[in-house]
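Input: a single structure, listed below in structure tokens.
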Amino acid sequence: MDQFTHFNEEGRAKMVEVGNKLNTKREAVATGSIYMMPETLNKIVDHEISKGDVLAVSQVAGIMAAKKTSDMIPMCHNIILTGADIHFNVDKENNKIDIQATVRTTGKTGVEIEALNAVSTAALTIYDMCKAVDRGMEITDIKLVKKTGGKSGDFIRDEE
């Protein structure tokens, strides 16, 4: 098992030194879902939410969040991203929107937190834009599903 590397000699938090690591291509994919009332989902699809195009705004918010992750997560490195994309799947049968973020870099550290932050922010943006019609929305299942590149190798979540 890996030892924790985010503590200094005094036992206080520190940002891990990555300067000696090689630059490699890295990618992370994260997903999550937001459940809502059927009427809310229909309003989103039909562009009837008064704040605007919910999915377009949410997509931009998710990308912006990926770029600003190190401003929000204290020990996260400031990473130059080479790509970030958000995809939505509207699932009317289950009254939800599934969100997938894919983030890429060529660098010394991975982009898992950036992908997770992108999904979280996209979901929160949907909530914010629709809360006037549905305060009962539920954001769930935010998780890393894939990570490639770097010293620790690849990770692909086993789905049951």
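Points worth noting:
- Residues satisfying the stated conditions in segment 1-57, i.e. under 18 Å from Gly150 (Cα atoms) and basic (Lys, Arg): Lys21, Lys25, Arg26
- Subset of segment 129-140 (residues that are under 20 Å from the mean Cα position of the chain (by Cα) and surrounded by 15 or more Cβ atoms within 10 Å (Cβ to Cβ)): Met129, Cys130, Met137, Ile139
- Against the test of being among the acidic types (Asp, Glu), touching a residue at least 60 places away in the same chain (Cβ under 8 Å) and more than 16 Å from Glu112 (Cα to Cα), the options Glu39, Glu9, Glu27 yield a single qualifying residue, Glu39.
- The conditions of being modelled with pLDDT of 95 or more, acidic (Asp, Glu), over 25 Å from Ser152 (Cα atoms) and within 21 Å of the chain's Cα centre (by Cα) are met by Asp98.
- Residue satisfying condition, being of a type outside the set (D, E, K, R) and either in a loop (DSSP other than H, G, I, E, B) or within 22 Å of Ala132 (Cα to Cα) (or both), within set Met64, Met75: Met75
- All conditions in (1) loosely packed, with under 12 Cβ neighbours inside 10 Å; (2) at pLDDT 90 or above hold for His6, with the sole exception of (2).
- Some residue of segment 143-157 being under 18 Å from Tyr35 (Cα atoms) and touching a Gly at 6+ places or on another chain (Cβ under 9 Å): yes
- Residue in segment 25-44 that is modelled with pLDDT under 95 and either of a type in the set (A, V, I, L, M, F, W, C) or surrounded by 13 or more Cβ atoms within 10 Å (Cβ to Cβ) (or both) present: no
- Candidate set from segment 105-128 (those that are at pLDDT below 95 and buried (at least 21 other Cβ atoms within 10 Å of the Cβ)); member that is farthest from Asn89 (Cα to Cα): Gly107
The values are calculated or read from the model by the stated rules, or taken from the named source; none is laboratory data. This one's a predicted model, so the numbers in the text were calculated from it and none came from an experiment. Glycine also receives a Cβ, built like all others from the backbone with ideal geometry; neighbour counts cover every protein chain displayed.
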